[in-house]
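The values are calculated or read from the model by the stated rules, or taken from the named source; none is laboratory data. In this text, all values refer to a predicted model and were calculated from it rather than measured experimentally. A quick note on method: Cβ atoms are made from the backbone with ideal geometry, for glycine too, and the neighbour counts reach across all protein chains shown. In case anyone asks, the SASA skips ligands and DNA or RNA and just uses the protein heavy atoms, side chains included. Shrake-Rupley method; radii C 1.70, N 1.55, O 1.52, S 1.80 Å.
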Amino acid sequence: QGTANCVVLEKSSKLMDTMLVSVKPEAMVIGKVLAQAFTCVIQIALWVIGLWGGFAAGIWAVKTINPDTTMPLIQMFGHMGLLSSIFTPVNILFFLLYLAAGLLLYLAIASIGGAIASKQEDLSMTNGIFVIVLLLSFSGNFDSMGSVGILDWIPFTSILVSPSHLLLGSISIAEACGSLAVVVITALLGMALAGRIYKAMSMYKGNIPNAKQLFAMIFSK
C-alpha cells in the first residue's frame, strides 16, 4: 500500500510534469520501489536485532543470577543448537536473499497498481492485482508434491516454498541461485513495466482502463 501510494503521489499535482522532464519514468518508479524496500528491510532488521538482543540479555541475566535455572524458555533456546546442521550459514544467507527478493518482487507488483491508478482513490481497485497474485501464489503451496520442482521456478511461489526446500535438501545450491535469479529478473521487469504504464497514464484522465486499453496505451507510438 505504501509503495502504491508513493508511485501515484505526484499524479494529483503538477509535480509529475516537472519530474518527467528530467527523470525517466522507469528510473523514478525503480527509485520509489527501492526506497520502500530499503525502509522495510531496515525496519525488519531493527525488530530482529531488538528481539534477539532482548532474549540474549535476558538469558544472560537469568543464568548469571541462577546458573542452574530450569526455566523452559531458556532450555528451549539451549536445544536450538541441535538444529545447527539445518540452519547453516549458507542456508540462512539464502533465506535472507529470498526474503529480500520476494519483498522486491511484490513491491514491483504494487508499483504496477500505483502506475495504473490516476489518483489515490483508485488504489482500492488497482491493488487487486497485488492481492490476486499473492493469493494464487499462496494457494500454489498446497499443490501436490509432484509440482515442487515447478513451484521453485515460478517467481511468485518460489519465494514462499524454496527456502524450506533448501533447508530440507530438496533443491541444490545451484538450483536456489537460479530460482533467485528468476525472482530478481521478474521484479526488475515488473518495475520497468510499471515505468511504461506510469508514462502512458501520465496524461490520462478518466476511468481506469481495462487490460486491452492499457496494453494499447503502453505499446502505442
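When you check PHE38 against the structure, is it in a helix (DSSP H, G or I) and more than 17 Å from VAL7 (Cα to Cα), yes or no? Considered against the rule, which asks whether it is in a helix (DSSP H, G or I) and more than 17 Å from VAL7 (Cα to Cα), PHE38 comes out as no.
Against the conditions (1) at pLDDT below 80; (2) loosely packed, with under 10 Cβ neighbours inside 10 Å; (3) not in a helix (DSSP H, G or I), PRO67 satisfies every one except (1).
Of everything listed in (1) in contact with a Ser or Thr (Cβ under 9 Å, 6 or more places away or on another chain); (2) at pLDDT 85 or above; (3) closer than 23 Å to ALA108 by Cα; (4) not basic (Lys, Arg), the single unmet condition for VAL184 is (1). Residues that are hydroxyl-bearing (Ser, Thr, Tyr) and open to solvent by 60 Å² or more (accessible area, probe 1.4 Å) were ranked within the range 126-171; the one that is modelled with the lowest pLDDT is SER144. Filtered by the rule that a residue be farther than 19 Å from LYS199 by Cβ and small (Gly, Ala, Ser), the range 28-45 gives ALA35, ALA37, ALA45. For the range 172-203, residues that are surrounded by 17 or more Cβ atoms within 10 Å (Cβ to Cβ) and polar (S, T, N, Q) total 2.
Residue by residue, here is whether (1) in a helix (DSSP H, G or I); (2) closer than 17 Å to TYR106 by Cα; (3) open to solvent by less than 40 Å² (accessible area, probe 1.4 Å); (4) at pLDDT below 85 holds:
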position	(1), (2), (3), (4)
ASP17	yes, no, no, yes
LEU20	yes, no, no, yes
VAL29	yes, yes, yes, yes
VAL33	yes, yes, yes, no
VAL48	yes, no, no, no
GLY54	yes, no, no, no
